[in-house]
1. If you average 1/r over every pair of different alpha-carbon atoms in the range 109-247 and take one over that average, what Kirkwood value in Å do you get?
2. For a footprinting-style exposure proxy, rank 172, 164 by other Cβ within 10 Å, fewest first.
3. Give the order of 511, 393 when sorted by the count of other beta carbons within 10 angstrom, beginning with the fewest.
4. Could you work out the Rg to Rh ratio of the range 418-494, with Rh taken as the Kirkwood radius (inverse of the mean 1/r over all Cα pairs)?
5. With a ≥ b ≥ c taken as the square roots of the eigenvalues of the C-alpha gyration tensor of the range 275-316, please select rounded if a/c is under 1.5 and otherwise prolate if a/b is larger than b/c or oblate if it is not?
6. Please compute P(r) over all alpha-carbon pairs of the range 204-309, binned at 10 Å starting from zero, and give each bin as a whole-number percent.
7. log10 I(q)/I(0), Debye, Cα-only the range 246-298, no solvent, q = 0.28 Å⁻¹?
8. How big is the shadow of the Cα convex hull of the range 363-420, averaged over all directions, in nm²?
Ligand code: HEM
């Protein structure tokens, strides 16, 4: 009995001690006030990398410096949520996002998310039951075991892209970018709703995406720092943000609802083709609740945006890098040539005796091609900074990580770590033929319970785009082949990062296919 009391008392003391220690734990180190923040406007992940070199693989910042000038004196009123913690180590990410995923799977939250009506978009849903249900729907259509059912769609879209690349006006970088984007938009919309997107949908969606970006811009909206302002009526002086947000929400609700209603109507008349929406609605039990249907609608509404920019970004990066490395293209071409008995020439020709183009099933033989794709992910990580939030306060290695803090995983920096990757700023397509080198695609799609549900689908499309493009074209830089241009490549700043200019020309390998 006595020993039980001693054990009980020890446990109690240990718990008390850990609570006291937790209270006392500090935030990770902060950048020196004298350090220049000017680099944060352009690809902040590079400045964070520099800071990590001095501060270590985990450091913190107060976000109230981004408040509008007039409100800065009130910054001390901000809750813990105004802390940002930057992580520059895969080991720490695995520990937090994967091993402690129960805690680290929430997303940063801005009152503007709600005002803009984006709260049911999967990327923004707080961690919990609703998110799990939405992810189950995505998993049912996109998991690695079933993803092959979308092969016919992916093949059709890549074939069309090849013809569009052939017909693209030479030297018009903007046109090329639009061509790539149209192909990806078509892919994502057909996956989700089974038909081509209308011009109206695309322009409304482009506007809605701009509005989401504007709504989340740090420091732009006082309501993001002072949520109480959400309750200010629209007519109040200085509340024009409420009207702007309401109109943006109305637009968003419509672009999520209209295509969903169209699929429902097509299903009623038996004319709906396979799609995420028709498949998931078809799988519902007869007497399912309106909430289940609404979840399918809002989850579908998340797919287009989530998949488009990131997929465009990596395709553009690959095209630009390949254009600067003709020898890599030749290596890929030879690998494809050796793998297939013959390489196909134009598939829009009537000649039925043509050899075939590479297909998704060929990819397992194309190791060098796979290594090149991984290197592109490493060289210009499509989502350079990954944002998660802990749902309760936590301690990591003596550092305090407060509930609601933004955790920014600096994936770009992790991919440019000199200790892991030799010559990290160079492009070495064969780098990953050595399987001991860490594979960047194992974390470029996120880690843990929020990891990208579209990874298998995206990779299937991307691989086919690369092998078919190299099979049919030589990709040339507009100014002529020059490897030295690599260092002058510029990439955009945003949630996704792409080459600033996609200045390549696609020259058909077969001169008869002009
Ligand atoms: C190369 C293309 C793509 C890249 C690099 C990419 C990358 C990512 C990343 C980094 C995340 C955040 C993961 C995290 O927070 O841990 C994410 C989330 C997401 N992705 Fe992708 N993605 C791609 C394509 C796609 C596609 C094709 C789809 C849909 C078919 C898709 C759907 C989503 C969704 C719905 C989320 C939100 C998940 C959540 O918050 O729980 N993505 N993606």
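1. 18.3 Å
2. Listed from fewest to most nearby Cβ atoms, that is 172, 164.
3. In order of increasing Cβ crowding within 10 Å: 511, 393.
4. When Rh is taken as the Kirkwood radius, the ratio is 1.00.
5. prolate
6. In whole percents, the pair-distance histogram is 12, 35, 27, 18, 8, 0.
7. -1.14
8. So the Cα hull casts an average projection of 6.0 nm².
Computed from the coordinates by the stated procedures, all read-outs in this text should not be read as laboratory data. Bear in mind the structure is a predicted one, so any value in this text is a computation, not a measurement. Neighbour counts are summed over all protein chains in view; Cβ atoms, including those assigned to glycine, are modelled from backbone coordinates with ideal geometry.
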